[in-house]
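Here it is: the structure, laid out below.
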Amino acid sequence: AKADGRGRWRRYAATLDQEASERAWIGRDLRTALASGQLEVHYQPRLDLRTGRTEGAEALVRWRHPERGWIPPVRFVPVAEESDLIVALGEQVMNMAMAQRRRWRDLGVPIGRVAVNVSARQLQDAGFADTVLAMLARHGLRPQELELEITESLFAGEAALVERALAPLRAAGVQVALDDFGTGFSSLSALRHLPVDVMKIDRSFVIDLGQDPDSDAVVRAVIALARDLGKRVVAEGVETELQQQRLRALGCDEVQGYRYAKPLAPEAFLEGVRAGFDA
Ligand code: C2E
Ligand code: CA
Ligand code: CA
Ligand code: CA
């Protein structure tokens, strides 16, 4: 048993080593990636459940590493968040997303808002709102064409900071979405005061819809709450017909998920919009 324990410890230590070295090369190579245009942005449509129209697109970063191939954001975004790299990454993604939004408008493609994920560290910069507003102006976009996705946990931890950073943007007409809703344990009274326009129900609640009565109850409650607070509700991670049926019955406004489309490169997204994503 002792030897067994030692073996387990050795494997555990090896895993830690591996993780540390992965963090090290990711941090190093990400700097190069940012400087040499290895990052791309893919877009996943958000559809209105009633009309089936594309109401917007979430911008999701992708990294094409020259030797290692595609690296998913769950591997490098957290590493970037441990340093200031996330600020440069966030700005680069936002810039690409705005440029793309502008191109689509120039092509006469109605895609609503482009939604960009924002990390805590970005909001800590006093200049965040000015940077975003200046970028909108530079691309000739209206603030209404942009949405920022902020995770619920962020509001729980640093509500005052978040509010200060977002107030000028909301005043200008930028929409704010509460991302991963349901995973951050916000109290109901805190929710009432959150400076957000949209609530995105986390995929973990959508998965069991129609199969687990508890999931239905949670989603029903969230939708009722959002209604009362005058916010739109988006369900993320919708994969099945059954989930869509339940969401429609419960009065959800918008859906996003593999059922309609995976995150797509800009050209593929444009084709999808033209052909009409099916809701
Ligand atoms: P998120 O913001 O919750 O984004 C949704 C994730 O769920 C995306 O993964 C998307 O591809 C995936 N997804 C969408 N529909 C479905 C579905 O039907 N089934 C399943 N299983 N998954 C679905 P992705 O692109 O790998 O991104 C993962 C996370 O990385 C994002 O989660 C977000 O937290 C972060 N991220 C991505 N891009 C950025 C970025 O530009 N900035 C920041 N700060 N974070 C980003
Ligand atoms: Ca998101
Ligand atoms: Ca999310
Ligand atoms: Ca999520």
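The values are calculated or read from the model by the stated rules, or taken from the named source; none is laboratory data. Bear in mind the structure is a predicted one, so any value in this text is a computation, not a measurement. Using ideal geometry, Cβ is built from the backbone for each residue, glycine included, and neighbour counts are taken over all protein chains shown. Surface areas here come from the heavy atoms of the whole protein model, side chains and all, with no ligands, DNA or RNA. Shrake-Rupley method; radii C 1.70, N 1.55, O 1.52, S 1.80 Å.
Would you check which residues across the stretch 157-197 are at pLDDT 95 or above and at positive phi and list them?
If the condition is that a residue be at pLDDT 95 or above and at positive phi, then Gly173 is the only one that fits.
Inside the stretch 1-80, counting only strands (runs of 3 or more DSSP E) that do not spill past its ends, which hold 3 or more residues that are surrounded by 10 or more Cβ atoms within 10 Å (Cβ to Cβ)?
Numbers: elements: 39-48, 54-65, 69-71.
Passing ranges, in order: 39-48, 54-65.
Can you tell me which residues in the stretch 63-98 are within 20 Å of Leu264 (Cα to Cα) and without any contact (Cβ under 8 Å) to a residue 24 or more places away in the chain?
Answer for the stretch 63-98, where residues must be within 20 Å of Leu264 (Cα to Cα) and without any contact (Cβ under 8 Å) to a residue 24 or more places away in the chain: Gly69, Trp70, Pro72, Pro73, Val74.
Let me ask something additional. Across the stretch 170-222, what is the total count of residues that are in contact (Cβ under 8 Å) with a residue 24 or more places away in the chain, of a type in the set (A, V, I, L, M, F, W, C) and over 16 Å from Ala235 (Cα atoms)?
7
So that you can scan it fast, the table gives a plain yes or no per residue for (1) of a type in the set (A, V, I, L, M, F, W, C); (2) without any contact (Cβ under 8 Å) to a residue 40 or more places away in the chain:
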position	(1), (2)
Tyr12	no, yes
Arg46	no, no
Leu49	yes, no
Ala57	yes, no
Leu60	yes, no
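Being open to solvent by less than 10 Å² (accessible area, probe 1.4 Å) and assigned to a helix (DSSP H, G or I) is the filter here, so list the residues in the stretch 250-279 that pass it.
Of everything in the stretch 250-279, just one residue is open to solvent by less than 10 Å² (accessible area, probe 1.4 Å) and assigned to a helix (DSSP H, G or I), namely Phe269.
Condition test on Leu247, is it within 14 Å of ligand 1 (Cβ to nearest atom), assigned to a helix (DSSP H, G or I), in contact (Cβ under 8 Å) with a residue 24 or more places away in the chain and over 22 Å from Ala115 (Cβ atoms)? Explain how you work it out, then say what you get.
Values: within 14 Å of ligand 1 (Cβ to nearest atom): yes; assigned to a helix (DSSP H, G or I): yes; in contact (Cβ under 8 Å) with a residue 24 or more places away in the chain: yes; over 22 Å from Ala115 (Cβ atoms): no.
Taking the combined requirement at face value, the residue does not satisfy it.
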